[in-house]
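What follows is a short report on a single structure.
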Amino acid sequence: MFLLSKLAWLVIQPLSLSFLLIVASLLAGMARWKRLRSLLAVFASLVLFVTLFTTAGAVLLQTLEDRIARPAAPADVACIVVLGGGFETDVTTRRGGFELNQAGDRFVETLRLARLYSQAKILVSGGDGSISGKYEGDAIVAERFFPAFGIEADRLIQETTSRTTFENVQNLKGFLDERGLKDCMLVTSAFHMPRAMGLTRKADLAMTPWPTDYRTRGDEVFGFDFTQPSLNAQLMTTATREWTGLLAYYLTGRTNTLFPR
């Protein structure tokens, strides 16, 4: 399932899909299927235009980010769970240190919470999610990250084997049960929180959602935008991936609802 999901994503992400449609259009032309060639070319152009020159990606991502709001800070927290994905592990595997990527807010916010709740354990869930499996996971990098900012190493719990969000939650349940940890906060990107919370509820794990890493302003509306095509493509790619994940998890019975609150 893991490999299948990776291969499927290579095909359905917007820019890859556009490229494949263009190739299919050229092949249809070579076969003298003129109507099919035109249809594929139009579809490819439409996907590219919406991806690059509209705010569709921002609107789709904003809908995800607004689904689960950050609650009032709890008075006491036994543990802080952060889902991996915030480090450039292909870089850190070779160079060491801890290089944050666009989702690095997950670990910056966890660091802030770790200082605020000084008795809380910090559980980092994240192994190597690459197809090759040759990189260190976020949980390994976290062993260098948190102590560098004064967080005691004995507060850190590392879950190093999960490659997907589903595996994150499945492995978390065992880790938390073994240590008797309850009343935990769950830290992940705001757009990713609905899927993560859907999985925790399915697994009967009670957690306080703590979304971070917001990427939209909160007042996005659909329209044309010719000023930042690369950013538009990035937002659309992230939104497409997350909405696809929500649908796939619902259809395979991993979550109880399509769009968890």
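Where a number appears in this text, it was derived from the coordinates with a stated rule and is not lab data. Given the structure is predicted, the values throughout are model-derived calculations rather than measurements. In this analysis, Cβ positions are derived from the backbone assuming ideal geometry, glycine residues included, and neighbour counts consider all displayed protein chains.
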The local net charge around Leu231, scoring Lys/Arg +1 and Asp/Glu -1 for residues other than Leu231 whose Cβ lies under 10 Å from its Cβ, equals 0
Of Ala114, Ala69, Ala31, which has the largest mean-square fluctuation in a 10 Å C-alpha GNM of the chain?
Ala31
Counting only DSSP beta bridges fully inside the chain, the antiparallel percentage to nearest 5 is 10 percent
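Only counting other Cβ atoms within 10 Å, I'd like Phe43, Phe98 sorted with the fewest neighbours first.
Neighbour counts put them in this order, fewest first: Phe43, Phe98.
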If you build a Gaussian network model of the chain, linking Cα atoms that sit under 10 Å apart, which residue out of Leu20, Leu199, Leu246 swings the most?
Leu20
Using alpha-carbon pairs under 8 Å, 6+ residues apart, how would you state the relative contact order of the chain in percent?
27 percent
Under Karplus coefficients 6.51, -1.76 and 1.60, residue-wise ³J(HN,Hα) of the range 122-132 in Hz, glycine/proline x:
10, 9, 9, 10, x, x, 7, x, 7, 5, 6
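Going by C-beta contacts inside 10 Å, put Arg112, Arg241, Arg32 in order with the fewest on the left.
On the way: Arg112 13, Arg241 16, Arg32 8.
The order, fewest Cβ neighbours first, is Arg32, Arg112, Arg241.
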Counting only residues 5 or more places away or on other chains, whose amide H sits under 5 Å from the amide H of Lys121 once H atoms are built in the peptide plane?
Cys79, Ile80
For Thr54, what residues show an amide H to amide H distance below 5 Å, using hydrogens built from the backbone and excluding near sequence neighbours?
Asp225
Per-residue [θ]222 nm for the chain (sum of -39500 (n - 2.57) over DSSP H runs n ≥ 4, rounded to 500):
-16500 deg cm²/dmol
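Taking other Cβ within 10 Å of each residue's Cβ, how do Tyr249, Tyr214 sort, fewest first?
Working: Tyr249 22, Tyr214 16.
Placing the least packed residue first, the sequence is Tyr214, Tyr249.
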With unit charges on the beta carbons (Lys and Arg positive, Asp and Glu negative) and the dipole taken about the Cα centre of the chain, which residue among Pro209, Phe224, Val42 sits farthest to the positive side?
Val42
Excluding Leu251 itself, what net charge comes from residues whose Cβ is under 14 Å from its Cβ, given Lys and Arg +1 and Asp and Glu -1?
+3
Helix axis angle, 56-65 relative to the chain longest principal axis, alpha carbon, degrees:
20 degrees
Taking log10 I(q)/I(0) by the Debye sum over Cα atoms at q = 0.09, 0.10, 0.14 Å⁻¹ as the quantity of interest, determine which of (i) -0.53, -0.63, -1.04; (ii) -0.39, -0.48, -0.93; (iii) -0.45, -0.55, -1.00 was computed from the displayed structure.
(iii)
Taking the range 79-212 and dividing mean pair separation by its residue count, relative contact order in percent (alpha carbons under 8 Å, at least six apart):
28 percent
Theoretical FRET efficiency, 1/(1+(r/R0)^6), r = Cβ-Cβ of Ser130 and Glu178, R0 35 Å, to 0.05:
0.80
Check: the chain dipole with +1 on Lys, Arg Cβ and -1 on Asp, Glu Cβ, in debye
940 debye
